[in-house]
Amino acid sequence: MTARKTPPARGRKWSAEVTRHSDALDLEPGVFASDDPRRIAESLKRSAEASTRRKSTPFRSAMSMLVFYTNRAGRHLSQGRRQTLDRARVELRRLFGRPDGPDRRR
């Protein structure tokens, strides 16, 4: 049995690199810094519709980037920041004319 090799050390901000150079879409600078869920959603929508490198529909690319950002921030997000990003998800669905997601139906 051979020893398990550890992967080479990476910089601490690999997710920032993914955000900047993703094939999903090109983000506007500071998109996730906003406190306005509508502004975040509109920016993601613009970026997704303008991107020529995305591999899926604009909606899926935009939602994917928002979920990626939320997941990478994980437990380091404050409750207020997480609520803003959750509201941005709802707003993004509305902007694309999508019905509420399965977790939103009641």
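Numbers at a glance
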{"item": "Single match in Ser15, Ser56, Ser22, Ser34 (criterion: out of contact with any Gly (no Cβ under 9 Å at 6 or more places or on another chain), at pLDDT 90 or above and not acidic (Asp, Glu))", "result": "Ser34"}
{"item": "Any pair with Cβ under 6 angstrom, 6 or more apart, that starts in region 46-74 at a residue that is more than 16 Å from Asp86 (Cβ to Cβ) and ends at one that is of a type in the set (S, T, N, Q)", "result": "Ala48/Ser61; Arg54/Ser61"}
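The values are calculated or read from the model by the stated rules, or taken from the named source; none is laboratory data. Just so we're clear, the structure is a prediction, and the values are computed from it rather than from any experiment. Positions of Cβ are generated from backbone atoms using ideal geometry, with glycine treated the same way; all protein chains shown enter the neighbour counts.
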